[in-house]
Amino acid sequence: MATSLPIMCRSGSTSTPDMAFPDTWYARTAADRTRRPVLSGREEADVAIVGGGLAGLTTALELARAGLAVAVIEAEQVGFGASGRNGGLVSPAFAGGDAAIRARVGETEAQALHRLSIEGVERLRATIRDLEIDSAGLVPGLLSLRRFDRADDLKAHVDEFASLYGYELHYLDRAALEAHVSSPRYFHALHDPNAFHIHPLNLVRAIAVEIDRLGGRIFEGSPATGAHLSGPAKRIETAQGTIEAPRLVLATGGYTGRLVPRLKRAVLPIATYMMATEEAPELIAGAIRTSACLYDDRRAGDYYRLVQGGRRLLWGGRITTRAAAPAGIARELRREMLTAYPQLEGLKTELSWSGLMGYARHLMPQVGEMAPGIWHITAFGGHGLNTTAIAGKVLAEAILGESDRIGLFAPFGLDWAGGPAGLIAAQLTYWKLQIQDRWRERG
């Protein structure tokens, strides 16, 4: 029996990554290992994009489909950051919460934002279908689990979403939930059949392949070292080259550097953590019998899902504002897993990793035009892949002059995140939420 295991890397089930990625389950099982060139010399484009994650690439894809010449520069490799290391959940939601969003923008705009999030789910599903991204491994369904015995608000939530959005959710009591999981910690759940989960790194890299096919240019290993943004032609410099374009998109997320100080000041880099278990399908099936992704609805909760046809469990959670050793965090994640599923005590941890997400102080994405011809799309921590994808679509619409939907994000601007004090405040808030969650569970 193992309650605190060393991290092991087993051969046979997965391959050692040959890309310059952190060692994650996603990197080990990546379908595409294309290496793209470093930016060298002078390039011109209609739109230059800094950042090769889902936000930047979705924007690039939409613009390339419209016939614009796009050029993307990525400091590492496509999908290196949070876009390629996350939990893989796709469901309509914003990290800020419905009540906070309504308080800031009002009921009508809050509903419009939620409809946009729902649209993002369908758009991402359509992208996977239309580009035939089988390696994304789309699996339908999400269970939102509750760890205390109250359900009136859950039932009201089902009714509200059906009435406002025509969106289907199903309430599960403890008896119905038993068909999906065997746990002493969960009392109620909401099932979202429209949500799904995927292999996020394979998704992002497949989108990059389509951008290549459409004539877009993607340069890897090319961190931006300088920016000249005052003239009609925006110029981004790297160690070996430059890109000039009349329009620039900054899509750097949790790895935002000092290239544009205003953007750096507006984003908090928050670390989150995941672990992958060994392959043990029979043991896992004694606890989890659903292919849906799962998360508990605590404000500082965990998220997890089965992969490889139920043979392995991915488990994520925890945030820190300072880098922590993934192995140590994995032990904490493991304790959470065993609290929910004590029958998994013999399940070994095989791998753990971390990644930085970008968070804004107001807990909403930051999408807009910070100056003429200079656009930003960042701060998607905690929002789900669909929100990132639809924001890229909305930004492309704005650049193309097709819609003004980007205005929905205008109330959530590039507010100063607080610097070092903001990071301390974020960590204290997270710990406070953990304490509140524990009190709520105790009744």
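The values are calculated or read from the model by the stated rules, or taken from the named source; none is laboratory data. What you see is a predicted model; the values in this text were computed from it and never measured. Neighbour counts run over all protein chains shown; Cβ positions are idealised from the backbone, glycine included. Protein only, heavy atoms only, side chains kept; ligands, DNA and RNA dropped before computing areas. Shrake-Rupley method; radii C 1.70, N 1.55, O 1.52, S 1.80 Å.
Here are the numbers for this structure:
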{"quantity": "Descending Cα extents along the principal axes, the chain, whole Å", "calculated": "63, 52, 44"}
{"quantity": "Estimated 222 nm signal from helices in the chain, with DSSP H stretches of n ≥ 4 weighted -39500 (n - 2.57), rounded to 500", "calculated": "-10000 deg cm²/dmol"}
{"quantity": "Nearest-ten-degree value, helix 200-213 long axis tilted from longest Cα axis of the chain", "calculated": "30"}
{"quantity": "K264, K155, K393, ranked by accessible area, largest first (probe 1.4 Å)", "calculated": "K155, K264, K393"}
{"quantity": "Summed residue charge, Cβ within 11 Å of H228's Cβ, Lys/Arg positive, Asp/Glu negative", "calculated": "0"}
{"quantity": "Cα shape, region 155-212, gyration tensor, a/c 1.5 rule", "calculated": "oblate"}
{"quantity": "Largest-first ellipsoid semi-axes for region 187-228, taking √(5λ) over the Cα gyration tensor eigenvalues, angstrom", "calculated": "36, 17, 9"}
{"quantity": "Equivalent ellipsoid dimensions for region 356-443 as semi-axes, Å, which come from the Cα gyration tensor, largest first", "calculated": "31, 16, 9"}
{"quantity": "Most positive-pole-ward Cα, I243, H228, A189, against dipole of region 160-277 from beta carbon charges", "calculated": "H228"}
{"quantity": "Between helix 419-441 and the chain: long-axis angle, C-alpha atoms, 0 to 90°, nearest 10", "calculated": "20"}
{"quantity": "Base-10 log of normalised Debye intensity for region 209-260 (one unit scatterer per alpha-carbon) at q = 0.18 Å⁻¹", "calculated": "-0.69"}
{"quantity": "Alpha carbon centroid spacing (whole Å) that separates region 155-228 from region 366-397", "calculated": "17"}
{"quantity": "Share, in percent, of DSSP beta bridges within the chain that are antiparallel, nearest 5", "calculated": "70"}
{"quantity": "Simple Cβ-charge dipole of the chain, Lys/Arg +1 and Asp/Glu -1, about Cα centre, in debye nearest 20", "calculated": "1160"}
{"quantity": "Rounded tilt (10° steps) of 326-340 against the dominant C-alpha axis of the chain", "calculated": "40"}
{"quantity": "Under 28 Å from the Cα of K393 - lysines, other chains or at least 8 residues apart", "calculated": "K234, K264"}
